[in-house]
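The values are calculated or read from the model by the stated rules, or taken from the named source; none is laboratory data. No experiment lies behind these values; they were computed from the predicted model shown. Don't worry about glycine lacking a Cβ; one is built from the backbone with ideal geometry, like all the others, and counts go over all protein chains shown. Quick note on the areas: whole protein, heavy atoms, side chains included, nothing else; ligands and nucleic acids left out. Shrake-Rupley method; radii C 1.70, N 1.55, O 1.52, S 1.80 Å.
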Protein chains: 2
Amino acid sequence: MSNILVIGAGRSATALIGYVLTQAKKHNWNVTVCDNNLELAQQKVAGHSNGRAAWLDVMKVNDRRDLIGRADVVVSLLPAFLHIEVAHDCIRLKKHLITASYVSKEMYQLGDDAAERDLIFMGEMGLDPGIDHMSAMQKIDEIKEKGGKLTAFRSYTGGLIAPECNDNPWNYKFTWNPRNVVLAGQGTAQYREDGKLKYIPYNRLFADAVPIEIDGVAGEYEAYANRDSLLYRVTYGLKGIPTLLRGTIRNRGYCEAWNALVKIGLTDGSYPILHSHKLTYHALMEAYVGSEHKGNTVKERIADLLGIDVKSDIMHKLEWLGLFSKKKINLQNATPALILENLLLDKWKLQPEDKDMILMQHQFEYELDGKKRLLTSTLVMRGAGSHDTAMARLVGLPMGIFVKLVLEGRITQKGVNIPVMKEVYEPVLEELKEFGVEFTEKDELVGG
Amino acid sequence: MSNILVIGAGRSATALIGYVLTQAKKHNWNVTVCDNNLELAQQKVAGHSNGRAAWLDVMKVNDRRDLIGRADVVVSLLPAFLHIEVAHDCIRLKKHLITASYVSKEMYQLGDDAAERDLIFMGEMGLDPGIDHMSAMQKIDEIKEKGGKLTAFRSYTGGLIAPECNDNPWNYKFTWNPRNVVLAGQGTAQYREDGKLKYIPYNRLFADAVPIEIDGVAGEYEAYANRDSLLYRVTYGLKGIPTLLRGTIRNRGYCEAWNALVKIGLTDGSYPILHSHKLTYHALMEAYVGSEHKGNTVKERIADLLGIDVKSDIMHKLEWLGLFSKKKINLQNATPALILENLLLDKWKLQPEDKDMILMQHQFEYELDGKKRLLTSTLVMRGAGSHDTAMARLVGLPMGIFVKLVLEGRITQKGVNIPVMKEVYEPVLEELKEFGVEFTEKDELVGG
């Protein structure tokens, strides 16, 4: 029998645990799920005969090593900064390790140690990063194999609310980490266009969002550039590609309204609003207008500050959030970003019956036989409700499938990796189809 | 005989050294000027019989202590972060210390040690900070003494080019630290208005500049808020004042054009432009426009990005800087801020015959005998040329005068201080008049 250890039983673990437990009997697996909330681990195991729940405070080194020592494969769903502790144990105890998080520099430095011990350390094995790597690499390899020459690669992903559950003016609800949504894009986005490096500072990022077309789903969409577009240039084998862009998808109109929040100053997490618990949201907004902003009401003065009509769609979105309400802010000396996050948590909460939706689109421009072509590969995937989101499934299933591949001995590449190899992406993408994860493709000639 | 040690003989030391040498014979002073450039120190001493030049590498602890040990008063003109080393020596060797820099937390922590040893550690004894403190406190104390109640205090300072030497479209040249000009305002400005805290994020700071009226000088002016408006609330005895704002003065039109540089992304010092030495300024500007910015030329696309006409005044200012020129950038992997600074150093260079000009204006709103009044106190001061700037004089003279007060035993307040006490501001402001540093005042009823 093989032993699988899953560390962390939170929201993002549901689909993964479900997958490995379902396959456990057939493959003769024991699955141990540990968490510092034992009840949560027990809920997820749900009395499955091949499953076991365990309590673990991950900072208790001996307990952690005891559990890891008895496993063959470890899946870490811990917060990203904690993976490295688990990774050191896995090196010492010779265990394979799988995560869905970005691979840190510290983790990459363990690559030789892992390879020497014949260990598989796979990171970025979730949705984004994860399925984006695999689905992109499959197409990139296909285009290259048939002799095509890639000239542009654009890749967009969005975790959204399904159009039919879309009942607020922002066309957005939280289906993942709210903090990341509030702080998204801070810094400077970099990408390549027509062979040239491009930069977009945060102050223009949301103003410069571009419309994108997604077939097969209701609604209109737009995308803003990610900070990291150039990160995978070499890993993807696209070193010389003239155009390379990664972006985040939102419903159309979201970005210009979010840009208003940026412009007002509400996404800043670097300083506290003194005595914020004594202020109302209305008073907070008033703190951002000065004597140079004209109008009779704070709302009119904010509209003036933004240079828009007080009856505009953007102002309607701000008002709907409750930013002009006389309700007290329930946080002491909090940063603007935290106050905003707290407000959005309530306003953008996924309701039990709400279905989320993942959109992913890759656009490959390439030349084949002297002709220019555009291959568009699109994934539209809905969740079943707030407790079984498409997001959690698409993060968890690739890890679950990969666990199986490891235990079946089908992975030859050792050391620290991300899933860009055919031996990984082919079987994973193939099995994902059984769960309704299927890209639709369009490959067409462009121009004359 | 008393011994004065001046550490640092750079540009900002000229007026100070001139002052103490001129007074040296009369008061029986020996003045030692040290610098790691001996020739520079010799130039400044200029063979004066009471002066001596010395070579000092300030990081050589023994040399430094040797010089400090032989002094009665030490004036440090070192970069701000180095004052603390000198301060520790001054504690150990029981010497008074004077600087024109902001007093750091570490420096304030030496307050008790200095006071116990009867030492005077005076910081912020230059122009801004310095003359601003003294001239403001004089008026604040006067208003309070006659029974007035302050309701608003606004204070603005600008280091500018004299209108008659103003020959570029920005109406600005560098008369002080260029780096500080390029990075000015990054973060969030905070001030008080009508009893309420106000915040202005960097992305709006220059867009939200307000016009201000300066009598007695040609030209039109505007001001943007400083980050630190609330810093001196308690020190100035203005804890409960409803309106409190400090700002920086520029010629009108400067701020909206600077805001264009901010919006494009050119003031960011947090990331390098890869291979910047291979780019032209034109190519750099091109790196900031994306496919969503329309136009045939990079200039047109930048205008589109800024949402302004390509023939507008702002675009003229950008073009005048050479931002659309095909000249190569002479810096390797430099940040946008450094590239911009480097360009401006050339374009905004003070020519030998150019006169700089300091503007300072305090506005005090107060109630007296049931009536609302506005007292405006304004300083306009021109320099003599690029080697004898008003800036250097107004930074150096207050320190020089204060050295005299210390050696005459007229300063009773020991420990770490800034110049807000009457025993300091009265004699300093009085003597500054002899150098043409005189505020003009207007005190008038406001409203009905």
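General remarks:
- Among residues of the range A:96-105, those that are among the β-branched types (Val, Ile, Thr) and open to solvent by 50 Å² or more (accessible area, probe 1.4 Å), counted: 0
- Test: residue in the range B:242-258 that is of a type in the set (Val, Ile, Thr) and closer than 23 Å to residue A:187 by Cβ: no
- Among the residues of the range B:188-209, just one is within 20 Å of the chain's Cα centre (by Cα) and facing chain A (nearest Cβ under 7 Å), namely B:188.
- Of all residues assigned to the range B:282-299, none qualifies as being surrounded by fewer than 16 Cβ atoms within 10 Å (Cβ to Cβ), within 34 Å of the chain's Cα centre (by Cα) and not assigned by TED's automatic domain parsing to the domain that holds residue B:170.
- For the range B:206-222, a residue qualifies if it is among the charged types (D, E, K, R), assigned to a loop (DSSP other than H, G, I, E, B) and either more than 24 Å from residue B:263 (Cα to Cα) or in contact with a Lys or Arg (Cβ under 9 Å, 6 or more places away or on another chain) (or both), and the qualifying residues are B:213, B:215, B:220.
- Count - residues of the range B:400-448 that are open to solvent by less than 40 Å² (accessible area, probe 1.4 Å), out of contact with any Ser or Thr (no Cβ under 8 Å at 6 or more places or on another chain) and either assigned to a loop (DSSP other than H, G, I, E, B) or basic (Lys, Arg) (or both): 5
- Which listed residue is within 23 Å of the chain's Cα centre (by Cα) and at pLDDT below 95, from A:87, A:13: A:13
- Residue A:241 vs. criteria at the interface with chain B (Cβ under 8 Å from one of its Cβ atoms) and among the β-branched types (Val, Ile, Thr): no
- Checking the stated criteria, residue A:205 turns out to be within 27 Å of residue A:321 (Cα to Cα), aliphatic (A, V, I, L, M), in contact with a Cys (Cβ under 9 Å, 6 or more places away or on another chain) and open to solvent by less than 30 Å² (accessible area, probe 1.4 Å).
- Flag: residue B:145 matches the condition of being open to solvent by 20 Å² or more (accessible area, probe 1.4 Å) and farther than 15 Å from residue B:6 by Cα.
- The set of residues from the range A:377-399 being over 17 Å from the mean Cα position of the chain (by Cα) and crowded, with 19+ Cβ neighbours inside 10 Å comprises just one member, A:377.
- Check on residue B:108, among the hydroxyl-bearing types (Ser, Thr, Tyr) and surrounded by fewer than 17 Cβ atoms within 10 Å (Cβ to Cβ): yes
- Lone unmet requirement of (1) away from chain A (no Cβ under 14 Å); (2) at pLDDT 95 or above; (3) on the phi < 0 side of the Ramachandran plot for residue B:166: (2)
- The sole residue among A:278, A:328, A:355 that is in contact with a helix residue (DSSP H, G or I) (Cβ under 8 Å, 6 or more places away or on another chain), farther than 26 Å from residue A:185 by Cα and basic (Lys, Arg) is A:328.
- Criterion (open to solvent by less than 20 Å² (accessible area, probe 1.4 Å), in the same structural domain as residue B:168 (by TED's automatic domain parsing) and of a type outside the set (Val, Ile, Thr)) met by exactly one of B:247, B:187, B:237: B:247
- Selection within the range A:407-448 - closer than 19 Å to residue A:26 by Cα and not small (Gly, Ala, Ser): A:407, A:408, A:410, A:427, A:428, A:431, A:432, A:434, A:435
- Residue check for residue B:182: among the hydrophobic types (A, V, I, L, M, F, W, C), open to solvent by 10 Å² or more (accessible area, probe 1.4 Å) and out of contact with any Cys (no Cβ under 8 Å at 6 or more places or on another chain): no
- Residues in the range A:158-175 include none that are in contact (Cβ under 8 Å) with a residue 24 or more places away in the chain, of a type outside the set (Val, Ile, Thr), in contact with a strand residue (DSSP E or B) (Cβ under 6 Å, 6 or more places away or on another chain) and surrounded by fewer than 19 Cβ atoms within 10 Å (Cβ to Cβ).
- Selection over the range B:38-53 of residues that are open to solvent by 70 Å² or more (accessible area, probe 1.4 Å) and either out of contact with any helix residue (DSSP H, G or I) (no Cβ under 8 Å at 6 or more places or on another chain) or assigned to a loop (DSSP other than H, G, I, E, B) (or both) gives a count of 6.
- When the range B:210-221 is filtered for residues that are open to solvent by less than 20 Å² (accessible area, probe 1.4 Å) and within 13 Å of another protein chain (Cβ to nearest Cβ), only B:212 remains.
- Among the residues of the range B:111-142, those that are surrounded by fewer than 17 Cβ atoms within 10 Å (Cβ to Cβ) and small (Gly, Ala, Ser) comprise B:111, B:115.
- The condition of being among the small types (Gly, Ala, Ser) and either within 25 Å of residue B:102 (Cβ to Cβ) or not assigned by TED's automatic domain parsing to the domain that holds residue B:375 (or both) holds for only one of B:162, B:152, that being B:152.
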